[in-house]
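S.K.: Sharing a structure with you now.
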Amino acid sequence: MESQPLLASVQHLLQTQGYAFLVLGLVIEGETVVLLAGFAAHLGWMRLPVVIGIAAAVTWLMDQSMFWLGRWKGEAVLSRWPRMAASIGRAHGLIEQYPHASVIGVRFAYGLRTVGPIVIGASGLPAIQYAALSAVAASLWAALFASLGFYFGAAAEQVLARAGRAQLGLLALLAVAVLAGAWWRRRRAAAAGRADS
């Protein structure tokens, strides 16, 4: 069967370079890559605890860099979105009133993961408090999405086992659909960012 060598190649690539792809994917996208890495862990091509650890660490480092950008140049960066000034003002109030929930909530709020840490950095929240809270948030986020990919993999594997010869095609179609959706969301977010400028 033609799909077997391709499947073996994908398996070998993920077993040898999967964690590097995970890091690169986390920088570019996020949930989609962690879900797919969790699925690869279900297949035995990666290890779930390592996927969770890498996802949490990379996410935490990216959040820290955005927090420090906010601390250093937050007002200048945020002034690029004048239509969001009222929202940013409300966000400052929420951060002061509910710092724990704000830091953890931003990690799970799609569309706020980049600007959220910048706003939090500009708000004056103590850096050590942010570092600890964002470590908790990154760990929870990584464990949730990697586990969803892992356990979704069990369900998908049962469906694919029934599909027989079409399993690689269905897996490829799923991956393309997920990546296309991620690309479309990023494109819309970028267009919205340009409109706010």
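S.K.: Taking only protein heavy atoms and a 1.4 Å probe, what accessible area per residue, in Å², does region 29-71 have with all protein chains in place?
M.R.: On the way: 1640 Å² over 43 residues.
Result: 38 Å² per residue.
S.K.: Rounded to the nearest 0.05, what FRET efficiency is calculated for ALA20 and GLU75 with R0 set to 35 Å and r the Cβ-Cβ distance? Could the numbers behind the result be given before it?
M.R.: On the way: r = 36 Å, r/R0 = 1.04.
E(calc), rounded to 0.05, equals 0.45.
S.K.: Moving on to the next point. Subtracting the Cα-Cα distance from 0.36 nm times the residue separation, let me have the gained length for SER65 to ILE28 in nm, one decimal. Don't jump to the answer; show the numbers that get you there.
M.R.: Details: separation 37, 0.36 × 37 = 13.32 nm, distance 1.49 nm.
Extra length available between SER65 and ILE28 comes to 11.8 nm.
S.K.: Still on this model: Roughly what would the spin-label model give for ALA127 and TRP184, points 7 Å off Cα along C-beta, in nm?
M.R.: The two pseudo-label positions are separated by 4.2 nm.
The values are calculated or read from the model by the stated rules, or taken from the named source; none is laboratory data. These figures come from a predicted structure and were not determined experimentally. FYI the Cβ positions are ideal-geometry reconstructions off the backbone, even for glycines, and counts take in every protein chain you see. For the accessible areas, the whole protein counts, side chains as well, though only heavy atoms, and no ligand, DNA or RNA atoms are used. Shrake-Rupley method; radii C 1.70, N 1.55, O 1.52, S 1.80 Å.
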